[in-house]
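The values are calculated or read from the model by the stated rules, or taken from the named source; none is laboratory data. All values derive from a computational prediction rather than experimental measurement. These accessible areas exclude ligands, DNA and RNA; they are computed on the full protein's heavy atoms, side chains included. Shrake-Rupley method; radii C 1.70, N 1.55, O 1.52, S 1.80 Å.
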Amino acid sequence: APEVKSSMRLAQPPRKLSLFGEFCFQTVARYGREHHPKNCLLTDDKISGLSLGTHFEMWNEPNLNPDPDATWGGWAGTMEQYYEMMRYGAMASKEADSAAIVTSAGYAGMTVEVIDSIRTYTYADGSHPLDYIDVINVHYYSGRIPPETATEDGNLGRTGTQTLPENLEELVAWRDRYAPKKPIW
């Protein structure tokens, strides 16, 4: 395996997707609402069902820098690697707490172009990332300009032609077409 900068070790895709799924299961089992048999818990104290968390985000801004050679950011893999990992995490979270609310990653940017891959990426069984989430989660960065007039996304470093309200209108129309009633955060 290639050498990874120490600052990026936690941003690398997991070597085993099942371990990420196990991490999500253990986290949601502990902090979610459902109690689990002690023999399926990995913590020393075997505590579950603390009811301290109800919503679980599947990563943060994986689209910001999807590059295996990344030197900064929270994700250093491809979007395909992210979606494969996300599915394990989302399924494990629901297994640990069937009432858990699973959100997509908080995507950097909120255009339909950014979000549409949760609909179009297809797993081997024909399902899509959109099938495993309860909430569509996006981030909009307008810098020091009010979002109602800003057309530049400072985080992505690109200038567009649309403001936050215009992007939101398009995203809502997309959601209404492909995932009716799914909240957008």
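Here Lys94 is the anchor, and the lysines within straight C-alpha reach of less than 28 Å, apart from those fewer than 8 places off in the same chain, are Lys16, Lys38, Lys46, Lys181, Lys182. Note on the range 41-130: Rg/Rh from C-alpha atoms, Kirkwood Rh, equals 1.02. Heavy-atom accessible surface of the chain, averaged per residue, reaches 55 Å², computed with a 1.4 Å probe.
To put it simply, the accessible area of the range 56-152 at a 1.4 Å probe is 52 percent carbon and sulfur. This structure gives volume of the Cα convex hull per residue in Å³, computed directly, and of (i) 106; (ii) 133; (iii) 148 that value is listed as (iii).
Here the sum of -39500 (n - 2.57) over DSSP H runs of 4 or more residues, divided by the residues of the chain, equals -9000 deg cm²/dmol at 222 nm, to the nearest 500.
Classify the range 88-173 as rounded, prolate or oblate from the Cα gyration tensor: take a ≥ b ≥ c as the square roots of its eigenvalues, call it rounded if a/c is under 1.5, otherwise prolate when a/b beats b/c and oblate if not. Prolate shape, in that a/c is at least 1.5 and a/b is the bigger ratio.
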